[in-house]
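J.: Provided herewith is a single structure, encoded as structure tokens, for subsequent inquiry.
The values are calculated or read from the model by the stated rules, or taken from the named source; none is laboratory data. This structure is a prediction, so every number in the text was calculated from the model and none was measured. Don't worry about glycine lacking a Cβ; one is built from the backbone with ideal geometry, like all the others, and counts go over all protein chains shown. Calculation scope for accessible area: heavy atoms of the full protein, side chains included, ligands and nucleic acids excluded. Shrake-Rupley method; radii C 1.70, N 1.55, O 1.52, S 1.80 Å.
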Amino acid sequence: GQICRFTGTNDNGEAIMSYWTTPEDIFAQPARVKNIGKRGAGASVKRVPNSIFKVAVSTDKESFENVYSGVTRGFSFVGLNFGEFTFGTGVRGYVAFSVRKNNIRHLRLKFYSDELDKPFGIYGAWVEYGVGRYVK
């Protein structure tokens, strides 16, 4: 793929669909199933004014399904909406989200924004899992 840099937050008034996906992860255990708990995933995100951060998950059993949507806003009076206000002051923030998948062989995460003038930034992500039985 390609990485593109934009200087605005929309394309002539249309939302820019921006996303980043991880490769399919077998967690170094191709012959065993994996279980991911309720709070077994998270991301280190960049706080951006007027932002949104969405996460979708894909496994060997299903295609991408949205599991999290939230704001990662930093502080700025430009376009401030007190209904979406958070008190994070640093550039980097941490978000935990629920994945809860059982008996999967592989997992893929998609971090995205599909709303008008709502960018996002991500530094990294993690998933905690348990190893189960052998794949049948």
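J.: What share of Cα pairs, in percent, lie more than 14 angstrom apart in region 1-69?
T.: Tail fraction, whole percent: 74.
J.: A further question follows. How large is the accessible surface per residue of the chain, computed with a 1.4 Å probe and reported in Å² as a whole number?
T.: Value returned for the chain: 63 Å² of accessible area per residue.
J.: Turning to a different aspect of this structure: Straight-line reach from Lys34: which lysines fall under 30 Å, measuring Cα to Cα and dropping same-chain residues less than 8 apart?
T.: Lys46, Lys54, Lys61, Lys101, Lys110, Lys136
J.: Hey, another quick one. Quick check on region 96-136: take the gyration tensor over C-alpha atoms, sort the square-rooted eigenvalues as a ≥ b ≥ c, and tell me if it's rounded (a/c under 1.5), prolate or oblate.
T.: In terms of gyration-tensor shape, prolate.
J.: Separate question: Taking all pairs of distinct Cα atoms, average 1/r, flip it, and tell me the Kirkwood hydrodynamic radius of the chain in Å to one decimal place.
T.: 16.2
J.: Can you tell me the order of 109-115, 58-64, 12-18, 92-98 when each peptide is scored by its average per-residue count of other Cβ atoms within 10 angstrom, highest first?
T.: Those peptides, ordered most packed to least, come out 109-115, 92-98, 58-64, 12-18.
J.: For Phe64 and Asn12, FRET efficiency with R0 = 30 Å and r from the beta-carbon atoms, rounded to 0.05?
T.: The computed FRET efficiency comes out at 0.65.
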